[in-house]
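Asker: Provided herewith is a single structure, encoded as structure tokens, for subsequent inquiry.
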Amino acid sequence: MNKRIVAGIEVEASTGNVFADLGLPDAEKLQIKSGLTVEIAKAIRERGLTQAEAAQRMGLTQPKVSSLLRGEFSNFSERKLMDCLNRLGYDIEIRVRKTPEPVGHLVLTHA
């Protein structure tokens with residue numbers, strides 16, 4: 001990472017994945033789940049849904065929606081989060097492409 005001094009304080013540029021910056025295992029997976037969770041929260045807000053209404057549409061309980069909206073996504077699989085977005089009216093496209101690197105990466109992009 002790139003370190004520099006700003007106003008007398010050493011700062012380090014992010015890799016773009018806060019989970020990797022913190023040294024957490026499965027950082028790419030956590031970033032994907034976090035991004036999906038943000039999209040779910042935006043969809044609920046844009047549609048003006050209550051937590052109960054969102055829960056019904058996503059096939060969850062209201063307490064699970066509440067947890068999800070507080071950023072507690074560790075108990076959800078990526079597939080379940082994608083299913084929630086589908087049920088909220090979102091299409092999800094998965095694109096696979098070859099990379100020049102020895103190991104590929106998971107990336108969430110927004111349209």
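Read-outs throughout are calculated quantities, based only on the coordinates presented, and are distinct from any laboratory measurement. Nothing here was measured: the structure is a model prediction, and the numbers come from that model. Positions of Cβ are generated from backbone atoms using ideal geometry, with glycine treated the same way; all protein chains shown enter the neighbour counts.
Asker: With springs only between Cα atoms under 10 Å, which of Glu12, Glu46, Glu78 fluctuates most in a Gaussian network model of the chain?
Answerer: Looking only at Glu12, Glu46, Glu78, the largest GNM fluctuation is found for Glu12.
Asker: Sticking with this structure for a sec: Report the longest stretch of the chain that contains none of the trypsin sites (Lys or Arg not before Pro) sitting in a DSSP loop with at most 14 other Cβ atoms within 10 Å. Provide the component values of the computation, followed by the final result.
Answerer: Working: sites that count: Arg70, Arg95, Arg97, Lys98.
My reading of the result: 1-69 is the longest stretch.
Asker: How much length is gained if the chain between Asp91 and Ser74 is pulled fully straight, taking 0.36 nm per residue apart and subtracting their Cα-Cα distance, in nm to one decimal?
Answerer: On the way: separation 17, 0.36 × 17 = 6.12 nm, distance 2.25 nm.
Gain on extension, Asp91 to Ser74, equals 3.9 nm.
Asker: List every DSSP H helix in the chain whose Cα atoms extend 24 Å or more along the helix's own long axis and whose mean Kyte-Doolittle hydropathy is at least -0.5. Display every interim value, and only then the final one.
Answerer: Numbers: long enough: 27-47 (30 Å, -0.28).
Taking the DSSP H segments of the chain (at least 24 Å long, mean hydropathy at least -0.5), we get 27-47.
Asker: Then there's this: Need one number: nm distance between label points at Thr109 and Asp21, each 7 Å from Cα along Cα→Cβ, rounded to one decimal.
Answerer: Once both label points are built, they end up 2.3 nm from each other.
Asker: Assigning unit charges at the beta carbon (Lys, Arg +1; Asp, Glu -1) and nothing else, what dipole magnitude in debye, to the nearest 20, does the chain show about its Cα centre? Don't skip to the answer; put the middle values down first.
Answerer: Details: 16 positive and 14 negative charges, 53 e Å.
The calculated dipole for the chain is roughly 260 debye.
Asker: Of Leu22, Val65, Thr99, whose Cα points farthest to the positive end of the dipole of the chain (charges on the beta-carbon: +1 Lys, Arg; -1 Asp, Glu; origin at the Cα centre)?
Answerer: Toward the positive end, the furthest listed residue is Val65.
Asker: Mind telling me which of Ser74, Ser14, Ser66 comes out most flexible in a GNM of the chain, alpha-carbon contacts under 10 Å?
Answerer: With Cα springs under 10 Å in the chain, the top fluctuation among Ser74, Ser14, Ser66 is at Ser14.
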